[in-house]
Amino acid sequence: MKPERIQQIPLSELRPFQNHPFKVLEDAAMQRTVESVARFGVLVPAIARPDPGGGYELIAGHRRLHAAKLAGLETLPVIVRNLDDDAAVVLMVDSNLQRETLLPSERAFAYQMKLEAMKHQGERTDLTSVPVAQKLKHKTSREILGAQVGQSQDQVRRYIRLTNLIPELLDMVDQKQIAFHPAVELSFLTPEEQRGLLDAMDYSQATPSLSQAQRLKKLSQAGACTQEAMNQIMSEVKKSELDSVTLRYDVLHKFFPRSYTPKQMQDTIVRLLEQWQRRRERDKSR
């Protein structure tokens, strides 16, 4: 097979892949890459395809392109391939899924994009190696994708569900403020309900547990996921906060002003219990 030719292409002629789901972060790893590029150049060529509007669309090598810009280079070593949209998506996703750390949002949109490309292409053996293709014959695209990325098809489905989250909630998943499984349940809420949930979370100063997220999902499916219902669920004191004791929002608000947040109520309850304990100790000592 004839080796592919590497071209030095001006950075100004390279544009990012459309809807590229992977983030190029200004972190310590990028700084190390910039230092390496400045010293040794870009050692692994990027991959691009001709852009009908002129220049080239980058398929693999977005971090290398960014590092080259920061290092002051004018060109990037690139292998140019003529690829259709689906083949370009598959290559773009596969080249990035090899990274050690991926955010949940990156994996979610990457799986979604590759799955759609695979469905467009049908049962093509060029999506994977021949032995794997033979082994997965008559499997669904999701099963094939799961085998390629080392995930079950159910886990692939769960990740793709995250693409239904509004950006604010998805960012909280990336930042590990909302756990993965509750986030999957929340993805079944409508965008309007999700925005209402943000208000409920802000009011309660809490994020949903799995059980709370499951209850919110059921309310949404029943058409009963109102702001009041979300406030009530999110304002419950969780078992993890008071061992095995759960105090409901409607019960607590019989004793507190409506303006009190759950945190203020909890602090007041603890303070009163401390006073009660001190009185008991005084009574015993008499």
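The values are calculated or read from the model by the stated rules, or taken from the named source; none is laboratory data. In this text the structure is predicted, and so the values were computed from the model without any measurement. As a convention, Cβ positions derive from the backbone with ideal geometry for all residues, glycine included, and neighbour counts pool all protein chains shown. These accessible areas exclude ligands, DNA and RNA; they are computed on the full protein's heavy atoms, side chains included. Shrake-Rupley method; radii C 1.70, N 1.55, O 1.52, S 1.80 Å.
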- Query: Among the residues of the stretch 177-196, is any in contact (Cβ under 8 Å) with a residue 24 or more places away in the chain, open to solvent by 70 Å² or more (accessible area, probe 1.4 Å) and over 16 Å from the mean Cα position of the chain (by Cα)?
  - Reply: yes
- Message: Name the single residue that is least open to solvent (accessible area, probe 1.4 Å) among those in the stretch 74-91 being closer than 16 Å to Pro16 by Cβ and part of a helix (DSSP H, G or I).
- Response: Ala88
- Residues (in a helix (DSSP H, G or I) and open to solvent by 50 Å² or more (accessible area, probe 1.4 Å)) located in the stretch 38-65: Ala38, Arg39, Phe40, Arg63, Arg64
- In the stretch 112-159, residue modelled with the highest pLDDT [restricted to those that are outside any helix (DSSP H, G or I) and of a type outside the set (S, T, N, Q)]: Gly150
- Query: Which one is nearest to Gln112 (Cα to Cα) among residues in the stretch 14-35 that are free of Cβ contacts under 8 Å to residues at least 60 places away in the same chain, part of a loop (DSSP other than H, G, I, E, B) and open to solvent by less than 70 Å² (accessible area, probe 1.4 Å)?
  - Reply: Val24
- Message: Could you check the stretch 254-286 and list, in sequence order, the residues that are among the aromatic types (Phe, Trp, Tyr) and more than 35 Å from the chain's Cα centre (by Cα)?
- Response: Phe255, Phe256, Trp276
- Mind checking which pairs have a first residue in the stretch 48-73 that is more than 13 Å from Phe17 (Cα to Cα) and a second that is hydroxyl-bearing (Ser, Thr, Tyr) and outside any loop (DSSP other than H, G, I, E, B), Cβ under 7 Å, 6 or more apart or different chains? Ala67/Thr33
